[in-house]
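The values are calculated or read from the model by the stated rules, or taken from the named source; none is laboratory data. This is a predicted model, so every value here is computed, not measured. Ideal geometry is used to build each Cβ from the backbone, glycine not excepted, and the neighbour counts take in all protein chains shown. For the accessible areas, the whole protein counts, side chains as well, though only heavy atoms, and no ligand, DNA or RNA atoms are used. Shrake-Rupley method; radii C 1.70, N 1.55, O 1.52, S 1.80 Å.
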Number of protein chains: 2
Amino acid sequence: MMKPALPKGTRDFSPPEMARRLFLFGVLREAFETFGFLPLETPSMENLSTLTGKYGDEGDQLIFKILNSGDFFSAAGGKETLDSKTLLPLISEKALRYDLTVPFARFVVMNRHLITFPFRRFQIQPVWRADRPQKGRYREFYQCDADIIGTHSLLAEADLIMLADEVFSNLGLKVCMKLNNRKILSGLLEYHGLSEYLTPLCVAIDKLDKIGEEGVLQEIKNRIPIASAEALVKGLISLGNSSSFDHDYVNKVYALAGKHPMLDEGISEMSKLFSCAESAELRLLRIEFDPTLARGLNHYTGAILEIKCDEPDFSYSGSIGGGGRYDNLTGIFGVDGLSGVGLSFGADRIYDVMLERGLFPEGLESVTTALVINFGTATEVISLRVLRDLRREGISAEMYPDAAKMKKQLGYADALKIPFAVIIGEEEAAAGKVTIKNMLSGEQKTVDLEETGNTIQDWI
Amino acid sequence: MMKPALPKGTRDFSPPEMARRLFLFGVLREAFETFGFLPLETPSMENLSTLTGKYGDEGDQLIFKILNSGDFFSAAGGKETLDSKTLLPLISEKALRYDLTVPFARFVVMNRHLITFPFRRFQIQPVWRADRPQKGRYREFYQCDADIIGTHSLLAEADLIMLADEVFSNLGLKVCMKLNNRKILSGLLEYHGLSEYLTPLCVAIDKLDKIGEEGVLQEIKNRIPIASAEALVKGLISLGNSSSFDHDYVNKVYALAGKHPMLDEGISEMSKLFSCAESAELRLLRIEFDPTLARGLNHYTGAILEIKCDEPDFSYSGSIGGGGRYDNLTGIFGVDGLSGVGLSFGADRIYDVMLERGLFPEGLESVTTALVINFGTATEVISLRVLRDLRREGISAEMYPDAAKMKKQLGYADALKIPFAVIIGEEEAAAGKVTIKNMLSGEQKTVDLEETGNTIQDWI
């Protein structure tokens, strides 16, 4: 018999882990709902044609494909000479979703005549990526996305900043949200006649954290045959991050170029966003302008957001959330003109950081409040009745299924961190009484049977 | 550009549907927690070897297999002459879970030294089956399972009956739980020397609803070459269902056979279960003994449970939940001796029945309580502050992102069933006032800005 194992990069979540995860997802969902985002879920599987070509070549490789059912090989024509690339579309037409954004765009396109815009939706679901597993990177993980689609208003961006502040303040985790605007970089490039190099430039700048300024400049030199590119990137990096976006800073940006419509727009959007954020009086979230924030070369066209942990001495430096504005999300499915902005919370990474920093509340694991001790058939009916009444009074309770030794039953309560044992031995039963034992303090109280629930509730 | 579509048998859940689903899952989770079940989640993917051979040949066909990543065909040896059966294990080593029971058994085996038994766990997750889609049958659907593993006590079965009563009473849905015990059928067969025919007998009896008594008896005649089998099944069917399991009924069962240890055990277990259920004073759930309940030929060894809708004139006659006792669940992974009993709630079917019968509470769809009307930049800061304060007071609120015409903004609130509009025009802003409009009654109140939240809370 084979010893069972888990697929690489996947995880079981045991009850204590689940208790913490449910807490985390609860905080996220509550924040989404408080902010007026509506719930949406899409299927785990999408048609392969819905997903391919949306995440770049590398992304396509990481999509988990589902084998067609039945005699897939005969149905594919049973070709004798084949390679993976030819065979794939013949034997697979479905795949697991890779993120929540593309399925959301698909949903909006398919239901656009039923949706009231602007459409604020949240979605909390797992996604799957055939990535090489490593610390903080799993093959199945949850994304928790909030998007506002159907408006160009910057208030949407501001709302997402306030949402992130709400989430992390409720979690008790200090974070920094880095902000940039794609229009600033695009404007600078246009001004200098470097527009066609947006892609390699973004790719290079994105590696700043990993390979440092020297490395980035070297890559620019290798990839872009125009000297002004290197100077521009050097200037961009030397701007530095800034917790304000005031006149002085704006002047420093303009020192890299003159007036230019797109640059002006990016700068004015950023100023407005910083002033909105200021008037919102954020709590555990601080914002920081980062002129080198690019987040790959995806669909972002305006604001770019990225959330990092801002606590001292944390071991995880990656992002725990991110997003931005995409002016034409549904364009990938042939419906133009819907601008949106979204923010994705990386629940699994947030979980890891919170666990490391001990930020989960105490007592999450005590799911059950009372264990009714089993003394055998003589007192079974009365014990079951007390059990039933406790539950109907909203107190989570269970009865030990066997009339095992008291020590064993109390040991079970200890192991599961059940705070109260409800004891109805023959003596108690005859007198219509119950003894309630506080498992933490060891203290006991004997009360009337009907008072079991009230006594526990007062004692908690 | 291809028009996007959903894979066959899968569904999007729009915000109104999600609101109802979240309500349903909330009721289920709350009942599980009140009954002291601990949360567990397992990965969507399992190794193919974990799943195959556990659901019969037909089940194996319905498992969704995941294609290996990368150049799967070369990695498989790029064989030139192949068929699906030979190719499958070479190009797929993972699959989507088919139910929650086998992954649970795998979890218990892998973590048995860390688990405190008896282990009460609940699990609410989707499962996938490549079944032909039809009414009430989807390719992705949720199972909501509660299992108690590590005890032979019948109190575990009794607890699941009480759990089902709790769930359906809280949902307001009348249901009937059919009960049987595999030991009764097995005992009868052993007594008559028919043990070897348990499989075809179960398969035939299971079709009683579909093909009627005549059909079942014909199938028995075709498959079992012993005349006494037909007589026994005829007798079993003629016993009829019964809402009690009293002396009279027991005598009728014994009329089909004499005393026999396994039969005696089954009958005594059933008597005890009925008496437990009676003392529990069930509410919307009634129980019924059904001597023909077999639920396929799976791993059940004792009690068998099946839940059906019990409302008048409902269109869906299938089961909306079911389960039973399995004396050796973890035996499939080489670890013997752990007996368990479980009950699975079919959330998607329960949803369909509740929707048809109008059992979801009113107002689930109003996720947002207040819409702050947007009057443009002049009042933006003050409006954002009111918005922020509403949310911090726990009132779900959003601000319309654009300074559109009042009529359009109020139309948005109407469409989304947002009950209150918060109006801070320039006049109100200058006076430090806010006008709150009740969208249902049309009534308006003008109060101090700081009173916005309280006024809405009092008005709800």
Worksheet item: What angle, in degrees between 0 and 90 and rounded to the nearest 10, separates the Cα long axis of helix A:182-191 from the longest principal axis of the Cα atoms of chain A?
Response: 10
Practice prompt. Kindly state, to the nearest 0.05, the FRET efficiency for B:Glu196 paired with A:Arg132, given R0 = 56 Å and r defined as their beta-carbon distance.
Written response: 0.60
Worksheet item: Reachable lysines from A:Lys94, Cα under 21 Å, same-chain residues fewer than 8 places away excluded?
Response: A:Lys54, A:Lys65, A:Lys79, A:Lys85, B:Lys3, B:Lys8, B:Lys65, B:Lys85, B:Lys94
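So how much accessible surface do A and B hide from each other in total, probe 1.4 Å, in square angstrom to the nearest 100?
Counting both chains, the buried surface is close to 9100 Å².
Work through the residues other than B:Leu217 whose Cβ is under 12 Å from its Cβ and net out their charges, Lys, Arg +1 and Asp, Glu -1. Could you put the intermediate results ahead of the total?
Working: positive: B:Lys207, B:Lys221, B:Arg223, B:Lys234; negative: B:Glu213, B:Glu214, B:Glu219, B:Glu230.
Value of the local net charge: 0.
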Worksheet item: Near A:Arg357, within a Cβ-to-Cβ distance under 13 Å, what is the net charge of the other residues, with Lys and Arg +1 and Asp and Glu -1?
Response: -2
Discussion item. Show log10 I(q)/I(0) for segment A:68-190 at q = 0.19, 0.20 Å⁻¹, two decimals, from a solvent-free Debye sum over equal Cα scatterers.
Written reply: -1.24, -1.28
Worksheet item: Taking the label point as lying 7 angstrom from Cα along the Cα-to-Cβ axis, what are the distances from B:Ile226 to the corresponding position in the remaining copies, in ascending order and in nanometres?
Response: 9.0
Worksheet item: How many Cβ atoms of partner chains, on average, are near each residue of B:305-313 if near means within 10 Å of its Cβ?
Response: 0
Worksheet entry | Derived scalar couplings ³J(HN,Hα) [segment A:364-379; Karplus, 6.51 cos²θ - 1.76 cosθ + 1.60; whole Hz; x for Gly, Pro] | 4, 6, 6, 6, 9, 8, 9, 10, 7, 6, 9, 10, x, 4, 4, 10
Worksheet entry | All-pairs Cα distance distribution in segment A:6-127, expressed in whole percent, bin size 10 Å | 11, 29, 31, 20, 8, 1
Practice prompt. With a ≥ b ≥ c taken as the square roots of the eigenvalues of the C-alpha gyration tensor of segment B:181-257, please select rounded if a/c is under 1.5 and otherwise prolate if a/b is larger than b/c or oblate if it is not?
Written response: oblate
Practice prompt. Pop the C-beta distance of B:Asn251 and A:Asp310 into the FRET formula with R0 = 60 Å and round what comes out to the nearest 0.05.
Written response: 0.20
Practice prompt. Note the distances from B:Ser275 to each other copy's matching label point, with points 7 Å along the Cα-to-beta-carbon direction, in nm, sorted shortest first.
Written response: 8.0
Practice prompt. Would you mind checking which residues have amide H under 5 Å from B:Ala303's amide H? H placed 1.01 Å from N; only 5 or more apart, or other chain.
Written response: B:Arg182, B:Arg325
Practice prompt. Would you tally the net charge around A:Asp99, using a Cβ to Cβ cut-off of less than 10 Å, leaving A:Asp99 out, and scoring K and R as +1, D and E as -1?
Written response: +2
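Apply the a/c threshold of 1.5 to the C-alpha gyration tensor of segment A:317-460 and tell me whether it is rounded, prolate or oblate.
Details: a/c = 3.83, a/b = 2.80, b/c = 1.37.
Here segment A:317-460 falls in the prolate category.
Of all beta bridges DSSP finds with both residues in chain B, what is the antiparallel percent, to the nearest 5? Can you show the working numbers first?
Numbers: 51 of 64 bridges.
Within chain B, antiparallel bridges account for around 80 percent of the total.
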Practice prompt. At 7 Å along the Cα-to-beta-carbon direction for both A:Ala5 and A:Ile226, put a label point, then send me their distance in nm to one decimal.
Written response: 5.3
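Filter the GluC sites (Glu not before Pro) in segment A:334-427 to those in DSSP coil with at most 14 other Cβ atoms within 10 Å of their Cβ, and list the result. Intermediate values should be presented prior to the final figure.
Working: sites: A:Glu356, A:Glu362, A:Glu365, A:Glu380, A:Glu393, A:Glu398, A:Glu426, A:Glu427; in loops: A:Glu362, A:Glu365, A:Glu393.
Loop-located and lightly packed - A:Glu362, A:Glu393.
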Worksheet item: For B:Asp448 and B:Ser366, what does the FRET efficiency come to when R0 = 25 Å and r is the distance between their Cβ atoms, rounded to the nearest 0.05?
Response: 0.45
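With both partners inside segment A:309-460, how many of the DSSP beta bridges are antiparallel, as a percent to the nearest 5?
On the way: 15 of 21 bridges.
Counting DSSP beta bridges with both partners in segment A:309-460, the antiparallel share is about 70 percent.
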Worksheet item: In peptide A:13-24, how many Cβ atoms from other protein chains are near each Cβ within 10 Å, on average?
Response: 4
Response to the item:
Rounded to a whole number, the mean other protein chain Cβ count within 10 angstrom for residues of B:29-40 is 6
Worksheet item: Order of B:176-184, B:146-154 by packing, highest average Cβ count within 10 Å first?
Response: B:176-184, B:146-154
Worksheet item: Separation between the B:Ala75 and A:Asp458 pseudo-spin-labels, each 7 Å from Cα along Cα→Cβ, expressed in nm?
Response: 6.5
Response to the item:
For A:Glu214, inter-copy label-point distances (7 Å, Cα→Cβ), nm, shortest first, read 9.1
Discussion item. Can you tell me how segment A:79-136 classifies by the Cα gyration tensor, rounded, prolate or oblate, using a/c under 1.5 as the rounded cut?
Written reply: oblate
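Checking the table A:Lys207/A:Lys252; B:Lys183/B:Lys210; B:Lys174/B:Lys210; A:Lys174/A:Lys259; A:Lys178/B:Lys445 against a 32 Å threshold on Cα-Cα, which pairs fail?
Details: A:Lys207/A:Lys252 23 Å; B:Lys183/B:Lys210 24 Å; B:Lys174/B:Lys210 23 Å; A:Lys174/A:Lys259 37 Å; A:Lys178/B:Lys445 41 Å.
Beyond 32 Å: A:Lys174/A:Lys259; A:Lys178/B:Lys445.
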Worksheet item: Where does helix A:347-356 land angle-wise versus the long Cα axis of chain A, in degrees 0 to 90, nearest 10?
Response: 60
Item to complete: Any chance you could give the angle, 0 to 90 degrees and rounded to 10, that helix B:380-392 forms with the longest Cα principal axis of chain B?
Response: 30
Worksheet item: If the cut-off is a Cα-Cα distance under 20 Å, which aspartates and glutamates reach B:Lys221, setting aside same-chain residues fewer than 8 apart in sequence?
Response: B:Glu190, B:Glu196, B:Asp206, B:Asp209, B:Glu213, B:Glu230
